[in-house]
Amino acid sequence: LLSALRYCSELVTKPERTILVVLSDWYVSNSSGQTLALAHELHEAGVVCIGLNALDADCVPIFEESFAKQLAGCGWFVATLTPKQLAELILRIHS
């Protein structure tokens, strides 16, 4: 996850016009501190950050709740959403 966030952060040229959506199970092993620090930096820079919780094969949410809560504490919107709900959220953000 840290590598993905680093890569995405390098692509951001206009943070106030950027929405970053990450789909994950949030099982972060040894880099959780660095990952959360970068997640917070992205939010503070003005990027709208959305974390989508992973689903298993039966569409049941499966994710590490503690990390998801910490990510939300960094200013991220973290939830389990259907594609339609994600589209509605993005529409609300841009309205």
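The values are calculated or read from the model by the stated rules, or taken from the named source; none is laboratory data. Being a predicted model, the structure only gives us computed values, none of them experimental. Note that each Cβ is placed from the backbone with ideal geometry, even for glycine, and that neighbours are counted across all protein chains shown. Only protein heavy atoms, including side chains, enter the accessible area calculation; ligands, DNA and RNA are left aside. Shrake-Rupley method; radii C 1.70, N 1.55, O 1.52, S 1.80 Å.
Amide H contacts for Cys74 (H built 1.01 Å from N in the peptide plane; partners 5 or more residues away or on another chain; cut-off under 5 Å): none found. For Asp25, the residues 5 or more places off, or on other chains, whose built amide H falls under 5 Å of its own are Ala54. Restricting everything to alpha-carbon atoms, can you work out Rg to Rh for the chain with a Kirkwood hydrodynamic radius? Result for the chain is an Rg/Rh of 0.95. 3J(HN,Hα) couplings calculated from phi for segment 72-83 with the Karplus curve 6.51 cos²θ - 1.76 cosθ + 1.60 (θ = phi - 60°) are, in sequence order, 4, x, 8, x, 7, 8, 10, 6, 9, 10, 7, x Hz; Gly and Pro show x.
Across segment 48-65, coupling constants 3J(HN,Hα) worked out from phi with the 6.51/-1.76/1.60 Karplus curve, θ = phi - 60°, read 7, 10, 10, x, 9, 6, 5, 10, 7, 5, 9, 6, 9, x, 9, 7, 7, 4 Hz, and Gly and Pro carry x. Over the chain, Cα pairs under 8 Å with separation of 6+ residues give a relative contact order of 29 percent. Rolling a 1.4 Å probe over the protein chains gives Val48 an accessible area of about 50 Å².
Evaluating 6.51 cos²θ - 1.76 cosθ + 1.60 at θ = phi - 60° for every residue in segment 5-16, the Karplus couplings come out as 5, 4, 4, 5, 4, 6, 8, 6, 10, 10, x, 5 Hz, glycine and proline recorded as x. Here the chain carries DSSP beta bridges of which approximately 10% are antiparallel, counting only pairs with both residues inside.
Under 5 Å between amide hydrogens, built in the peptide plane, is the criterion, and for Cys49 it picks out Leu20, Phe77 among residues at least 5 positions away or on other chains.
For segment 46-77, backbone nitrogen atoms closer than 19 Å to the point 7 Å from Glu16 Cα along Cα-to-C-beta are found at 46-49.
Rg/Rh, computed from the Cα trace of segment 53-95 with Rh as the Kirkwood radius, has the value 1.03.
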